[in-house]
Structure formats: structure tokens, C-alpha cells
1. Across the range 191-206, in residue order, what do the Karplus-derived ³J(HN,Hα) couplings come to in whole Hz, using 6.51 cos²θ - 1.76 cosθ + 1.60 with θ = phi - 60° and x for Gly and Pro?
2. Within the range 191-298, which GluC sites (Glu not before Pro) sit in a loop by DSSP and count at most 13 neighbouring Cβ atoms inside 10 Å?
3. Once the Cβ-Cβ distance between Asp214 and Ala52 is put in as r, and R0 is 56 Å, what FRET efficiency do you end up with, to the nearest 0.05?
4. List the relative contact order of the range 273-421 as a percent without decimals, with contacts defined as Cα pairs under 8 Å and 6+ residues apart.
5. Counting other C-beta atoms within 10 Å, which of Trp90, Trp303, Trp204 has the fewest, and how do the rest follow?
6. Step by step: find N for the range 49-166, compute 2.2 N^0.38 Å, then divide the Cα radius of gyration by it. What's the final number?
7. Where does the range 273-421 land on Rg/Rh, using Cα atoms and the Kirkwood Rh?
8. For the range 94-229, which semi-axes, largest first and in whole Å, follow from the square roots of 5 times the eigenvalues of its Cα gyration tensor?
Amino acid sequence: MTTEVVWSRLGVATSWPARPSANVARRRSRTDDHPRRPVTSTTSTPTTGSPAARRARAIEAARGVVESHPPTTTPRREFLEACFDAGLAWVHFPEGLGGLGAEPGVQAAVDEILQGAGGPIPFWLNPMGYGMAAPTVLHHGSAELSERLLRPLYVCDELWCQLFSEPGAGSDLAGLATRAEKVGDEWVVSGQKVWTSSAHLARWALLLARTDPDQPKHRGLTYFVLDMHAPGVEVRPLRQMTGEAEFNEVHLTEARIPDSHRLGEVGEGWRVAMTTLMNERSAIGGGSSVRGSGSIGSALRLWRARPDLHTPELRARLVELFARADAARLTGDRFRVEQGDRPAGAEGSIGKLTGAELNQEVYEFCLDLLGPDAALYSGYGPDGPDAEAAEDYGRLFLRSRANTIEGGTSEVLRNILGERLLGLPGDVRVDTGKPWRDVPRG
């Protein structure tokens with residue numbers, strides 16, 4: 001499962017050719033066009049100086065980028081390149097890899113400057129790449145892999161997807177059946193993945209596969225970076241109730257992956273996957289540091305545009321929703337500051353859980369405000385509405401129903417919070433210690 005991605009509103013074409021499109025092929029041909037900068041470290045350990053000094057340096061860099069590359073007049077790719085080169089992509093990453101070696105909490109202050117001046121929210125441009133792939137590659141991949149992948153990821157030359165869920169392994173992710181077998185210095189992978197957002201647009205995928213079926217399900221997994229253009233990779237769209245097809249099923253038939261694209265040790269895929277999942281939930285739940293952004297921003301724009309529909313009861317509901325959204329925003333900022341240089345953990349599930357349920361309530365409010373006008377719909381074509389079209393609140397309402405499923409269901413997140421933060425007893429697990437091949441599967 002992945003994130004709330006309304007690609008049509010980002011102006012990204014959504015078609016599914018049998019082979020990579022010309023645009024994708026051109027993006028692929030540019031993969032070596034990114035100048036390589038010296039890399040001094042592959043960890044996010046803070047550089048020398050006090051935390052206050054590192055924060056001041058990052059804020060000064062953000063102001064410098066806004067001054068030299070005004071986001072409202074600078075082409076998006078050029079602006080993102082300037083942010084990466086200034087170390088503002090992920091401020092806690094090493095210098096040369098889009099960071100400054102600062103604490104993660106500094107990112108909120110930097111984003112407020114960049115986005116407050118009109119800059120894009122990188123997460124929504126390349127969600128699986130920015131929020132999940134980048135920290136996973138940095139912490140578990142080689143220095144060469146990080147240097148090769150992070151810059152084109154951030155400037156959106158190369159989009160990413162996440163090959164985790166399968167028809168028989170959704171919430172029970174560790175039960176997945178896709179097999180990877182070592183042949184020389186390559187891995188041969190066969191299996192099926194499903195609910196893969198943006199697989200039709202992606203150049204790279206985060207892949208979790210089973211390499212040892214004789215081990216218990218959590219210990220027989222290995223993690224890879226897969227080239228989505230490789231032979232043996234087939235992407236098929238899945239139509240949603242919005243009419244669009246953001247999600248896909250992906251069939252892997254003896255697809256080959258070089259061992260150099262393995263993240264972590266063989267059999268340690270579950271540990272690597274936890275890096276991805278914890279960062280995914282933190283990224284989804286963290287939201288923007290800009291007040292009134294996201295779904296509540298949509299509701300505020302609708303409220304201003306339709307004064308003829310105002311009622312005291314609706315006004316009270318909007319005030320309550322705004323207060324909850326702002327509390328969630330501030331909680332996210334506080335979490336990032338308190339996190340320091342610690343890796344993402346279970347706390348990130350709080351923002352994802354509350355944000356998903358809040359999104360649904362916000363768009364329910366929008367439909368209640370519109371009344372009969374909410375029945376108007378822009379169309380059920382797979383490409384979604386035109387990028388320049390007005391916000392389609394019916395579509396946003398329908399899309400929000402997935403928020404409590406993708407990126408970890410609300411039920412799973414409540415289990416995580418209960419067990420890992422509150423210390424409550426865990427669920428009964430009858431397959432603990434059993435070899436994966438001996439566990440019954442539906």
C-alpha cells in the first residue's frame with residue numbers, strides 16, 4: 001500500500017503503454033547527466049558544530065535558494081536541483097547527497113521557507129521516492145548506489161514505486177511469496193505484486209522478495225532495488241472507483257537484478273523493510289509545515305468560493321476540522337524536532353493514522369457543503385481530470401476512502417501504537433518460528 005497521490009493534479013500524464021514511453025525513455029537516457037558531488041559519508045550523523053549552528057546554516061541556505069531561484073518563476077526541475085545542491089532535499093542526509101548533516105527536525109523550518117515562497121512539496125512529486133526509497137537506499141545501500149540514485153530521484157527525473165503487497169500478503173506483509181533466487185552475481189525474481197501506486201510511471205521499485213522459504217517468514221526475506229524497465233517486468237493498471245488507475249498489479253517473470261542492487265544482507269529484508277515502512281508512515285503523517293495546506297486547504301478554498309452555502313452548523317464543523325488539522329501539523333513539527341538524529345520509529349504511525357481519518361472527514365464536510373452540487377463529477381476516465389481543472393471534491397472524497405488502507409491500515413497502525421508505544425500485549429501469532437513453506441496460506 002502506498003500514499004495519497006492525485007497524479008492528475010500534479011500535471012503528470014497517466015497512460016500505460018506496453019513499452020516505456022518516449023518521455024520515460026528520455027528520462028532514462030538522462031540518468032548519467034547529474035553531476036557527481038564528493039560524498040564524505042553515507043550516514044546521517046550530524047556534522048561538526050552545535051545543533052543551533054547547523055539549524056542556522058540550513059535556514060540561511062534555504063533563504064539563499066529562494067532568493068537566487070524564486071520558486072514562482074524558476075522551472076521546477078531547476079529549483080529542485082538548487083535545493084539538492086544546497087543540501088535542503090533531506091537536511092539530515094550527508095553533504096553531497098542532498099543534505100547538510102543536520103538534525104531531521106530542521107527540515108520543517110527549511111520547508112516552511114521553501115514552500116512558503118511557493119516551492120513544491122517534494123513528497124507529492126515523487127512520494128515513494130522522496131519519503132521511502134531515499135532513506136532506505138541511504139541507510140542500507142552502498143555509497144555508489146546512493147550517489148547514483150538520490151539526485152535524479154529528488155529532481156523527479158526518475159520516479160519510484162514500492163513492490164511490497166501481494167494478492168495473498170497485504171497486512172500480513174511478511175507472508176509474501178514472490179521468490180528471488182541467486183544465479184551468479186544476479187538474482188532472478190518471479191511473482192506478483194499488487195496495489196502498486198505509480199508503477200506505470202516508475203523507473204525504479206523497492207522490492208521485497210523471499211529468498212529462503214525454509215526460514216520463518218520474517219527471516220527469509222531480502223530487499224532489492226528493481227529496474228522497472230528490465231525484461232520480465234509487466235505492469236497492468238487497476239481501475240479505482242474514482243475512474244482513475246493510479247494503482248497497478250506488477251507481474252515479475254524471471255526478472256534479473258544485479259546483486260549490487262541488494263539493500264542489506266541476504267535474509268535481512270524485513271529489517272530493511274521496517275526502515276521503508278516507518279519512513280512511509282512518518283512521511284505521510286508528517287504533512288506540510290505550512291498552515292492551511294493539504295486537505296484542509298481544499299476545504300478552506302471551497303468555503304471561500306461558496307459563501308452562498310454557509311450555515312452556522314457548517315461553520316462550526318469547519319472550525320473544528322481546522323483546529324484538528326493544525327494540531328496535527330504542529331504535532332508533526334514537534335515530532336520531527338524531538339526525533340533528533342534517531343531513525344523513524346513507531347511514533348510516525350500517529351500522524352498517518354490521524355491524518356488519514358481527518359482527510360476523510362474533511363472531504364465529507366466538502367460534500368455536505370456542496371449539497372446537490374456534489375453529485376457533479378468531472379469524469380471516470382483513467383487519466384483523471386485535466387491538471388488545470390478546478391478541484392473535483394467528489395473525486396477527492398472517493399479517493400480519500402483509500403487513505404485508511406494504503407500505507408498501513410488504521411487497524412495495523414493501532415496495533416503498532418498499542419504494542420510498541422503503549423506496551424500492550426501483542427496479537428496471538430500462531431506461525432511464530434514455523435518455516436514459511438509450512439504456514440498455510442489462502
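FYI, it's all coordinate maths here, none of it is from the lab. Not measured: the values here are computed from a predicted model. No Cβ is skipped: glycine too gets one built from the backbone with ideal geometry, and neighbour counts run over all protein chains shown.
1. x, 9, 10, 8, 6, 8, 5, 6, 4, 6, 10, 7, 8, 10, 9, 8
2. Values: sites: Glu234, Glu244, Glu246, Glu249, Glu254, Glu265, Glu268, Glu280; in loops: Glu244, Glu246, Glu265, Glu268.
For GluC sites (Glu not before Pro) across the range 191-298 that sit outside H, G, I, E and B with at most 13 neighbouring Cβ atoms in 10 Å, the list reads Glu265.
3. 0.60
4. That works out to 34 percent.
5. In increasing order of surrounding Cβ atoms, one gets Trp303, Trp204, Trp90.
6. That works out to 1.03 for the range 49-166.
7. On the way: Rg = 16.8 Å, Rh = 16.6 Å.
Checking Rg against Rh, the ratio lands at 1.01.
8. The equivalent ellipsoid of the range 94-229 has semi-axes of 31, 16, 14 Å.
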